[in-house]
1. Can you give me the ranges of the strands (runs of 3 or more DSSP E) entirely in segment 1-107 with at least 2 residues that are over 19 Å from residue 270 (Cα atoms) and in contact with a Lys or Arg (Cβ under 8 Å, 6 or more places away or on another chain)?
2. When only residues in segment 509-527 that are in contact with a helix residue (DSSP H, G or I) (Cβ under 7 Å, 6 or more places away or on another chain) and not in a loop (DSSP other than H, G, I, E, B) count, which is nearest to the ligand (Cβ to nearest atom)?
3. Exactly one of (1) under 24 Å from residue 322 (Cα atoms); (2) surrounded by 24 or more Cβ atoms within 10 Å (Cβ to Cβ); (3) not β-branched (Val, Ile, Thr) is unmet by residue 559. Its number?
4. Can you work out which of the residues in segment 595-617 that are over 30 Å from residue 321 (Cβ atoms) and either in a loop (DSSP other than H, G, I, E, B) or among the small types (Gly, Ala, Ser) (or both) is farthest from the ligand (Cβ to nearest atom)?
5. Could we say that residue 337 is over 22 Å from the mean Cα position of the chain (by Cα), within 16 Å of the ligand (Cβ to nearest atom) and at pLDDT 95 or above here?
6. Are any residues in segment 379-423 within 15 Å of the ligand (Cβ to nearest atom) and either at pLDDT below 95 or aliphatic (A, V, I, L, M) (or both), and if so, which ones?
7. Go through segment 450-497 and count every residue that is aromatic (Phe, Trp, Tyr) and under 23 Å from the mean Cα position of the chain (by Cα).
8. Any residue in segment 386-403 that's among the hydroxyl-bearing types (Ser, Thr, Tyr): show its pairings with residues that are outside any helix (DSSP H, G or I) at Cβ separation under 9 Å, as long as the two are six or more apart or on different chains.
Amino acid sequence: MPILYDAGAQTLTIHTLRTTWQMKVMHHGILVHTYYGPRCEGDMSYALQYLDRGFSGNPFDAGMDRTVSCDALPQEYPCEGSGDYRRTAFGVRDAQGVSGCDLRYAGHRILPGKYSLPGMPAVYADDEEAQTLEVTLRDERLSLEVKLLYGVLPAHDCITRTAVVTNRGGAVLTLENAASTCVDVVRTDLDRIVFHGKHTMERQPERTPVSHGELLLGSRRGTSSHHMNPFTVLCEHEATEQSGLALGVGLLWSGSFSGSIGADTYGATRLLLGIQNERFNYELRPGECFTAPEALMVLSAEGLTGMSQRLHDVVRKHIVRGPWRDAERPILINNWEATYMNFTGEKLLSIARRAKELGVEMMVLDDGWFGRRNDDHDGLGDWTVNEAKLGCSMKELAKKIQDMGLRFGLWIEPEMVNMASDLYREHPDWAYVIPGKPPVRSRDQLLLDFSREEVVDSIYSRINAVISGCGIDYIKMDMNRSVHDVYTVTRGLQSQGKVLYRYVLGVYDFMQRLLDANPELLIEGCSGGGGRFDLGMLYYTPQIWTSDNTDPIERLRIQYGTSFCYPVCAMGAHVSVSPNEATGRVTPLSVRGAVAMAGTFGYELDLNLLPDAEKEEVRRQIVTFRGLRRLTLEGDYYRLTDCVTDRDASAWMIVSKDRSEALLTWVTRDVHDNMAVLPIRARGLDPEAVYEDEATGESWTGAALMYQGVIIPRHRGEYSVRQYHLLRR
Ligand code: DGJ
C-alpha cells in the first residue's frame with residue numbers, strides 16, 4: 001500500500017514507485033514535513049534540527065521548550081498565526097477582522113482510490129491505481145477545519161494535493177489565502193524554472209537559482225494566462241534533461257493563481273502554489289466550505305525528461321477524459337488565417353472541398369458565423385447563425401461538409417459580449433462592469449459574469465442549440481481578453497476572490513454541460529492562442545490551441561517550453577502560409593509541416609491558393625502524419641536540444657513505449673559560413689536494436705543513434721528539416 005501510518009513514530013508516509021513523501025505529527029499536534037525525494041523507508045524526521053532560534057517564536061503549549069518553532073521547522077501546511085514568519089499557505093480572518101489561526105492535527109484517514117472534486121477538475125484513476133490520504137487539521141478557537149487531501153498514483157510518481165476548508169462555527173470567517181500545496185525542502189542548492197510569456201510567445205522557460213529573495217509567480221488576469229503558466233519546476237542545480245532531481249508542480253486551475261519559491265534563513269526552500277491570494281478575501285459563512293484547486297506534483301530522479309514524461313502520462317491517462325482520450329485526433333483545417341471573418345458559405349465549402357481532396361479530416365469554421373460579427377467590434381454574445389452570410393442554415397452547411405466525408409467544427413467564445421450586441425442591450429447587468437466606472441475594454445469586448453448560474457444557463461442553451469441542433473463534431477472554445485472590472489450583482493458574492501473562483505467554476509460547468517449533452521464532442525481550448533493552456537482545461541478539452549503564433553521557427557520555442565508539462569497530443573499546431581501573417585518570415589512547407597506534427601497537426605490557410613507542387617506536398621504530409629499519429633499520441637517525448645541556448649538547430653524525438661518506433665526531427669534555425677559540426681544524439685532507443693529510417697532505408701543501431709548521433713549536414717540558406725521515422729528491424 002502506498003500510504004503508511006506508523007503510530008509509534010507518528011509518521012504518515014506516501015510511497016510512489018520511485019519517490020517518498022513524509023509528514024509527522026509532532027508534539028502539540030504540529031504537522032511537520034519530513035521528506036520528499038527518491039524512495040526511502042523509515043522515519044525521516046531524524047534530520048530535523050531542534051534549535052533555539054532567536055526571534056523564531058514557539059507555540060505556547062511548548063512551554064519553556066524554545067527548540068520547537070514553526071518558523072524553523074519544515075511545515076506540511078503552514079498557516080498565518082502559527083509563528084511561521086515565512087510566506088504561508090493559509091490565512092483566515094475572524095468576524096472581528098483579526099487574522100491569526102493555529103491549525104493542529106486532528107486525525108487522518110487512508111481511503112481507497114483517488115478522491116474527486118465535484119465541479120472541479122481533478123486527476124482521476126481506477127481504485128486499484130490510486131489511494132487517498134485525508135489529514136484533518138483544526139483550529140479550535142475559530143471552529144475551522146482544514147482537510148488536506150493527497151491523491152497518490154504510485155505508478156506515475158504522482159502525488160496530488162488540495163485543501164478543503166470548512167467553517168464549523170457560527171460566525172463568518174474570511175479566507176485570506178488557501179494554497180493548494182506547500183513543499184518545504186531542507187536544502188537551497190536548487191534551481192527554479194518558471195514558464196513566462198506573452199500573447200504569441202507563451203511558456204518560455206526561465207531558470208534561475210533559488211535565492212533568499214522569493215520568486216513570485218502568478219496571474220492576476222482571471223485566467224491562467226499567456227504571461228505565466230501555472231506550472232513550475234524545482235530542480236537540483238546540476239539537474240539536466242537526463243539526470244538529477246526535478247520536481248514539476250502544476251495547478252489544475254484555469255483562473256488567477258499565486259506561487260512563490262524562495263530560500264529561508266535556516267537553509268530550507270519553500271514552494272507554494274495555489275489560487276490567487278492577493279485580494280482573495282473569500283467569505284466563508286457558517287457551514288460553508290471552500291475547496292482549493294488541485295495541485296499535481298511529479299518528482300523524477302532522472303532529470304527533466306523523466307519529470308516531463310511522467311507528467312505527460314498523467315495528463316494523457318488521468319486528466320484528459322472521454323472518447324477522445326485515446327483516440328487519434330482529426331487532422332483539421334481552420335479558416336481563420338485563410339479568411340478571418342470575411343467569408344461566405346461558398347468560400348468555406350471551397351476550402352473544405354480542397355482540404356478533403358488532399359486528405360484533411362475536419363473543417364473548422366472560426367470566428368464570424370453568428371450575429372452581426374464581421375469584425376471584432378460587434379456581435380459577441382449573439383449566438384444566432386448568420387444565415388445571410390453563410391447563404392444557408394448552419395445545419396445545411398454542416399451537412400454539406402459532413403457529406404464530403406469531413407467532420408465539422410465551430411468556434412465559440414461563450415464568456416464574452418460586445419457592447420454592440422443584442423445580448424448586452426437586453427442584459428447589461430450580465431457583463432462585468434463596476435457601477436459608475438467606465439469598464440476597461442479589451443478587443444472591444446466585456447466579460448459575462450459566469451459566476452452567475454443564470455448567465456451560464458442562458459449562454460449554454462443558446463450555444464448548445466447550435467451544437468446539438470446541427471450535429472457539430474468539434475468546438476474551438478476561445479477567450480480573448482483578461483478579466484477586469486470584477487463586480488457581480490449577486491448579493492453576498494461581492495468579494496473578488498469569491499467571484500473569480502465562481503467564475504472559473506462557471507466556465508467548467510459550461511464545458512461539462514456541453515460534454516454531457518454531446519458525449520462525442522471534441523473541444524479544443526483556446527485563449528488568444530495559449531492563454532489558458534493549463535491542466536484544469538485539459539480535463540475538459542483534450543487539446544488546446546498552443547499559440548496564435550503559427551510561424552514555425554517561433555513555434556519551436558513555444559512548443560519546447562510547453563513540452564515541460566504538457567504532452568504533444570495536447571498541443572494544437574497548424575501549418576499556415578509563408579510569409580507568415582504575423583512575422584513575415586519565409587519558411588519552407590516542409591518545416592511548417594514537421595513542426596505542426598509535434599502537435600495535433602492541421603492547416604490554417606486556403607489550400608486552393610497553393611501551387612500544385614505544394615498541394616502534393618500537403619497530400620504527402622497528411623499521409624506521413626497518419627503514419628505517425630499513434631506514436632505522437634502515446635509516445636515518450638525527448639527534448640534533444642535546448643531551444644533557449646541552442647540557436648542553430650532544434651531537435652526533438654518521440655519514442656514508442658516499447659521502443660520499436662521513433663520519430664526524430666531536427667530543424668535548422670540559424671546558418672553560418674564554415675559552420676561547426678552539429679550532431680544530434682537520439683535518446684530512449686534500444687541500444688542493441690537496429691533501426692531503419694522508413695523514408696531512406698538507412699539503418700543504424702540504437703547505440704549509434706544515441707552515442708554518435710545523426711549529423712546535420714552543412715547547408716546553405718536557413719530553415720531546413722529532416723524527419724527520421726525509425727522502425728526497429
Ligand atoms: C483568437 C484565436 O486564438 C484565433 O485562433 C482565432 O480563433 C481568433 N481568436 C478569432 O477571433
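1. Numbers: elements: 3-6, 11-15, 19-25, 31-38, 90-93.
Those strands (runs of 3 or more DSSP E) span 11-15.
2. Top of the filtered list is 525.
3. Here residue 559 meets the rest and fails (1).
4. 613
5. Against the criterion (over 22 Å from the mean Cα position of the chain (by Cα), within 16 Å of the ligand (Cβ to nearest atom) and at pLDDT 95 or above), residue 337 qualifies.
6. Correct list: 380, 410, 412, 416, 417.
7. Number satisfying all stated conditions: 2.
8. If the second residue must be outside any helix (DSSP H, G or I), the pairs left are 393/385.
The values are calculated or read from the model by the stated rules, or taken from the named source; none is laboratory data. Since we're looking at a predicted model, the values are computed, not measured. We place every Cβ from the backbone using ideal geometry, glycine too, and count neighbours over all the protein chains shown.
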